[in-house]
Amino acid sequence: MLDDRKLAVLRAIVEDYVSTNEPVGSKALADRHNLGVSPATIRNDMAMLEEQGYIAQPHTSAGRVPTDKGYRLFVDRLSTIKPLSVAERRAIETFLGGAYDLDDVVTRTVRLLAQLTRQVAVVQYPSLTRSAVRHVELVPIGPERLLLVIITNTGRVEQRTIEMPEGVSEESIAHLRALLNAHLDGCWLNDVPGVVAEVPDRLPPDERPLAATVLSVLLETLIEKHEEKIVIAGAANLARADLSQSLRDVLEALEEQVVLMRLLGEMGDPAGLTVRIGTENPHESLFTTSVVASGYGAGDQTVARLGVLGPTRMDYPGTMGAVRAVARYVGQILAGS
């Protein structure tokens, strides 16, 4: 365990290196920070920090840089996450508040995160496996065709066109619609197959062929949509980062949806704010990056995750504050949608 003075020295090294991208020396720390000790004492503390693996000397110069272990201790000992300014909060409310559907919410969120943090933003669509039915609509679109619309509590809208059996009346369609909504309103999508199994038995025999057709398509839709989707923005921000030779590997990893899904899926507490630094990431091509992610959802239900990816030399307090704030606003939008 490090004492408070060595923690203060480590904190100062992280802040200076993130700010300047230059190795930090003892004299610079003494000049820039009110550490209350001499440069000689700071040098001794830096030697101890280096011996324990929290900082390293990249060149033969006197300067030191944080290691992944140093960043981890810095993040774990953060007393406060940098709050957003009033202007930033107002901008988030205005920008996200103008979204008109789930696709627009996700698109605006990923763009906003990239702009706020100047990192690569990643937003996962709400998972169907963690969604519930809000409404089922059946809309005739021709003499033999029907549009099935499934709306979830997370704002997802799934639509499928159905070829109807011959001779189906509008009354039969209205009856089936009412029965489906009575059974499925608030039902978790994972539970839908068991719930709808008894629906045909509640209908007169002449309406059962329509019910069988609609239910078949409904269940197929839920199965087909099991694979989730991720949206990214701000990849150009990596050009500013000091990733050098690893930039190509990082960009290739970002193109792989499976890598990003796994990355978010293994970020620890699904509801809380999680930071994974450097070699803590599961994919070797991301060892030079850090990921800050948070769950978001309607009410107490976390339905997906969002976050940012950037170099390990990032503004952790500011990035964590932005990710947490945006996740909360998106959750409020879903809860009120």
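The values are calculated or read from the model by the stated rules, or taken from the named source; none is laboratory data. As the structure is a computational prediction, the values presented were derived from the model and not from experiment. Here the Cβ is made from the backbone with ideal geometry for all residues, glycine too, and neighbour counts use every protein chain on show. Keep in mind that these areas ignore ligands, DNA and RNA; they rest on the heavy atoms of the full protein, side chains included. Shrake-Rupley method; radii C 1.70, N 1.55, O 1.52, S 1.80 Å.
Figures for the structure shown
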| item | result |
| --- | --- |
| The chain: angle of helix 316-336 to the longest principal axis, Cα-based, in degrees nearest 10 | 20 degrees |
| Charge context of residue 43, other residues only, Cβ under 15 angstrom, K/R +1, D/E -1 | 0 |
| Efficiency of FRET between residue 252 and residue 206 - r from beta-carbon atoms, R0 51 angstrom, step 0.05 | 0.35 |
| Listed residue (80, 65, 41) projecting farthest to the positive dipole end of the chain, Cβ model | 41 |
| Cβ-derived FRET efficiency at R0 56 Å, residue 163 paired with residue 242, nearest 0.05 | 0.45 |
| Expected 222 nm ellipticity per residue - DSSP helices of 4 or more, -39500 (n - 2.57), all of the chain, to 500 | -14000 deg cm²/dmol |
| Cα-centre dipole for the chain with unit charges at Cβ (Lys and Arg positive, Asp and Glu negative), debye to 20 | 1620 debye |
| Computed lengthening from residue 41 to residue 181, 0.36 nm per intervening residue step minus Cα-Cα distance | 43.2 nm |
| Inter-label distance, nm, simple model (7 Å from Cα along the C-beta direction), residue 220/residue 90 | 5.2 nm |
| Label point 7 Å beyond Cα of residue 137 along Cβ direction - residues of segment 97-111 with amide nitrogen under 14 Å | 101-102 |
| Lysine pair count for the chain [Cα-Cα under 25 Å; pairs on different chains or 8 or more apart] | 5 |
| Extreme residue, positive dipole direction of the chain, given options 325, 7, 213 (C-beta unit charges) | 7 |
| Size of segment 259-337 as Cα extents on the principal axes (Å, biggest first) | 39, 24, 16 |
| Label corresponding to Rg/Rh (Cα atoms, Kirkwood Rh) when calculated from the structure given, among (1) 1.14; (2) 0.97; (3) 0.94 | (1) |
| Segment residue 2-residue 195, extension gain: residue separation times 0.36 nm, minus the distance between their alpha carbons | 63.8 nm |
| Folded to 0 to 90 degrees: helix 86-97 orientation relative to the chain principal axis, Cα | 20 degrees |
| Cα Rg, Dmax (largest Cα-Cα span) when computed across segment 163-224, Å | 11.4, 33 |
| Distance between modelled label sites at residue 170 and residue 280, nm, 7 Å Cα→Cβ extension | 6.0 nm |
| Point-to-point label distance, residue 100-residue 57, nm (Cα→Cβ direction, 7 Å offset) | 6.2 nm |
| Rounded accessible area per residue of the chain, 1.4 Å, Å² | 49 Å² |
| Angle between the chain longest axis and helix 4-20 axis [Cα atoms, degrees, rounded to 10] | 70 degrees |
| Share of carbon and sulfur in the accessible heavy-atom surface of the chain [1.4 Å probe, %] | 49 percent |
